[in-house]
Every structure is written in structure tokens, then in C-alpha cells.
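The values are calculated or read from the model by the stated rules, or taken from the named source; none is laboratory data. Only a predicted model underlies this, so the values are computations on that prediction, with no experimental measurement involved. Counting neighbours? That spans all protein chains shown, and the Cβs are built from the backbone with ideal geometry, glycine included.
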Amino acid sequence: MKRSIYYFILLALMAGMGFTSCVSNKKFTASEARVAELQKENAASLSQLNECKMQTMKLREESASIQNDLNLLSSESEMTIKDQAARLKDLREIIQAQNDRTTSLKNSISKALLNYKADELNVYQKDGKVYVSLSEKLLFKSGSDVVDPKGKEALKSLADVLNSTTDFTVDIEGHTDDVPINTQRFKDNWDLSTARATSIVRILTDEYGFDATRITASGKGEFHPINLNDSDEGRSGNRRTEIVLSPDLEEIYELLYQ
């Protein structure tokens, strides 16, 4: 009986030692895993620290560059305030001179075309340009692009004024009403309006000596009416040719962008 008790005690002691050894091994393994985890975290922290240092250096360089630019801009601004005021004064003088030339041209054209009736032509200023609006009844027969003799006389009077100045370019715009046209010669109102504008360009350049490099022909068809097309009078007003005289803006551009 004593021997059995002794044997049982011995087994209990051995089991306790085994359990203790197992627990120690588990703690050691957990410690190793924790150390590895801490090492990774430390490496990541060091990487982030280095990245922060690099970003800080970059920000310092950018800040210094921006400060240099600001200093330069401030210096240039102080140097050019007087120059800007002088440029603004010059610009105002150029614009005023341009307006004076435009008004003078408009008055000269109005005087040259004084003998024509209000329903035949109209001369006016708009948006810094001079417009000479010539009615169909003065220039063309219905559906034709051949300029009538009376229309040629008006164009000659206009050319005499235009040839005396080189400060303006000329756009010839043909316009129609909204009544469709489809003939052997003209497929639609685009064709008719363009052909009429081209006819006037040829007369001004070939017969009256206007500089061809300063003139352009375009057809607007029925898409830019000045009246409603719901009456004979309205449609008649829409059938017109507009000669648009635009001032040369090169001097202004040079001053603005120099």
C-alpha cells in the first residue's frame, strides 16, 4: 500500500514538471512572436520617420522657393507700378484715337452716300465698328447675284472712302429672308447670300481697286435676320448685304502684351 502511494506521488510530480515545461515553452514562443512584432513596428516607425524628414526638407525647399518668388514679384511690382500707369494712359489714348477714326470714317461714308434713301441703305456704328447695310432693292434683282448699275454707283462711292484709309478691314456679309430658294444656280439661301457677298468683293477689288488682303466675303443665309419674317416689309429688310468695317487692333494688342 505504501508503495502504491509512493508510486502515485512520483507520477504526480512528473506530470507537474511536464505541465510546467509546456507552459514555459508556450510563454517563450509568445515572447519570440512579440519581439518579432515589435521589430517590425520599429522598422515601420523608422521608415515613417525618414519619410517625414524627407517631406520636411522638401517643404523647406519649396517654402524657400516660394519666398524667393514672392520677393521677386514684390520687387517687380514696385518697379512696374509707374510703368503700368503709363501703359494704361497710352492704352486709353490709343482707344480714344481709334474711336475718333471710326467716327470720322462713319461720317465720311454717310456723306458719300447721302443721296441714297433710308430704305436703300443705312450707315451706323456698333461695338466699335462701322456698318453699311445695303438693301436688296439697291443691289440685286430677286434671286440674282448680279449687282445693278445703281448698286455699283453706291459701291464706287463707298470704295472712294475706303481706299483713303488703311486702318480698317472689311467683311462683306450676305443675308436673305427665310423664303427657300432652289434654282439651277443656287441650291439654297446659303448659296445665294454667299454669291452676293462674293460679287460685291469682286467689284470692290477688281473694279475699284480695294486691297484684296483686307476684305472677306461670307454668306449668312436667313439665319441672322434683323426683322421678323412674318410680313413683306420684314422679309424685305432681311434681304440685305452688310459691309462691316473693323478697326485694326494690332497697336492695342502690342501694347497689352508687350
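A few comments on the model shown:
- Flag set for residue 126, criterion: basic (Lys, Arg), within 13 Å of residue 245 (Cβ to Cβ), loosely packed, with under 15 Cβ neighbours inside 10 Å and under 31 Å from the mean Cα position of the chain (by Cα).
- Pick from region 161-176, criterion out of contact with any Asp or Glu (no Cβ under 6 Å at 6 or more places or on another chain) and under 14 Å from residue 140 (Cβ atoms), ranking: surrounded by the most Cβ atoms within 10 Å (Cβ to Cβ): 174
- Evaluation of residue 119 against the conditions (1) of a type in the set (Asp, Glu); (2) in contact with a strand residue (DSSP E or B) (Cβ under 7 Å, 6 or more places away or on another chain); (3) surrounded by fewer than 18 Cβ atoms within 10 Å (Cβ to Cβ); (4) in contact (Cβ under 8 Å) with a residue 40 or more places away in the chain shows that the sole unmet condition is (4).
- The number of residues in region 208-249 that are in a loop (DSSP other than H, G, I, E, B) and of a type in the set (Gly, Ala, Ser) comes to 3.
- Filter result for the condition that a residue is surrounded by fewer than 13 Cβ atoms within 10 Å (Cβ to Cβ), more than 38 Å from the chain's Cα centre (by Cα) and outside any loop (DSSP other than H, G, I, E, B), over 137, 152, 111: 111
- Some residue of region 122-129 being in the same structural domain as residue 176 (by TED's automatic domain parsing), at negative phi, modelled with pLDDT of 95 or more and assigned to a helix (DSSP H, G or I): no
For every residue, the table says whether it meets (1) surrounded by fewer than 19 Cβ atoms within 10 Å (Cβ to Cβ); (2) farther than 20 Å from residue 119 by Cβ.
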{"residue": "196", "(1), (2)": "no, no"}
{"residue": "202", "(1), (2)": "yes, yes"}
{"residue": "227", "(1), (2)": "yes, no"}
{"residue": "241", "(1), (2)": "no, no"}
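- When residues in region 164-201 are screened for being in contact with a strand residue (DSSP E or B) (Cβ under 9 Å, 6 or more places away or on another chain), not β-branched (Val, Ile, Thr) and not in a strand (DSSP E or B), 10 of them pass.
- Evaluating residue 134 against the criteria (1) under 22 Å from residue 98 (Cβ atoms); (2) at pLDDT 95 or above leaves one unmet condition, (1).
- Boolean, residue 211 is touching an Asp or Glu at 6+ places or on another chain (Cβ under 9 Å) and of a type in the set (Asp, Glu): no
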